[in-house]
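Throughout, read-outs are computed from the coordinates displayed, never taken from laboratory work. Keep in mind that this is a model prediction, so the values were computed, not measured. Note that each Cβ is placed from the backbone with ideal geometry, even for glycine, and that neighbours are counted across all protein chains shown.
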Amino acid sequence: MIGGARVRLKGWQQAAVAVGSAVGALLDPRRADLIAALGETTGKPAFERVLERMKMSSEGRAVLLDRPRVISANVGHAWDLPPNTFGAAYAKFMGSRNFSPDDRPPVRFMETDEIAYVATRAREVHDFWHTLFGLPTNLIGESALKVIEFEQMLLPMCALSVVGGAARFSDKQRKLFYQHYFPWALRAGMRSTDLMCLYYERHFDEDLEDVRRRWGIVPAPPPPHAP
């Protein structure tokens with residue numbers, strides 16, 4: 001079973017969890033558990049669409065068959081790869097922030113193992129996307145990545161996260177985001193391949209710029225210089 005013990009919710013219970021999670025996440029954006037619960041209780045139709053796309057892709061089918069997990073035991077070899085590789089870039093991203101791939105909360109509110117795995121996979125490849133798009137983990141970087149995630153998966157939680165993030169921007173951050181990062185994220189999300197259909201772990205030893213080109217990844221532009 002993916003994600004440990006799961007909880008089956010009736011319709012009204014899902015709505016209650018979704019509303020409570022949304023309010024709690026807006027009050028405290030650091031609550032990863034609330035953000036995760038919001039994504040699950042509002043995202044089932046989106047995850048079902050992703051599942052169907054994965055089934056139509058040879059690499060996506062391989063992911064569904066193997067069900068790889070992005071946990072330390074499975075990705076630790078990335079730290080030993082040559083510096084030009086995708087795996088080494090991911091290891092550098094994680095290490096520089098003292099992140100662990102084991103820190104993500106488990107999926108709890110999906111009805112089937114198959115959909116639960118897709119939701120888990122979406123959660124666990126988040127840091128791969130940070131690495132590929134060259135986005136920081138600050139408020140602007142996370143909001144920009146949520147734009148790409150929404151375009152890729154149409155998850156309502158992603159749109160809500162962008163709105164919630166923008167509400168916490170300073171005036172300077174808001175201007176930077178909407179004039180610089182938001183337009184880029186819209187283009188980047190549309191241009192890139194179907195990112196949920198990629199078996200990332202099989203590409204760790206490949207050159208980072210090569211995989212970016214092959215997958216249509218446009219890295220985030222540097223912030224504009226102040227006049």
*Once amide H atoms are placed 1.01 Å from N in the peptide plane, what residues at a sequence separation of 5 or more from T85, or on another chain, have their amide H within under 5 Å of its amide H?*
L208
*What residue among W79, S161, S57 has its Cα farthest toward the positive end of the dipole of the range 43-215, where the charges are +1 on Lys, Arg and -1 on Asp, Glu, each on the Cβ?*
S161
_Order by protection proxy (mean Cβ within 10 Å, highest first), peptides 125-135, 43-53_ = 125-135, 43-53
*To the nearest 20 debye, what is the magnitude of the charge dipole of the range 79-210 about its Cα centre, counting +1 on the Cβ of each Lys and Arg and -1 on the Cβ of each Asp and Glu?*
860 debye
*Sorted by Cβ neighbour density within 10 Å, fewest at the top, the residues H225, H77*: H225, H77
*Leading residue at positive end of dipole, the range 43-215 (Cβ point charges), from Y90, S100, F177*: F177
*Of the listed peptides 140-149, 98-107, what is their order by residue-averaged count of other C-beta atoms within 10 Å, with the highest listed first?*
140-149, 98-107
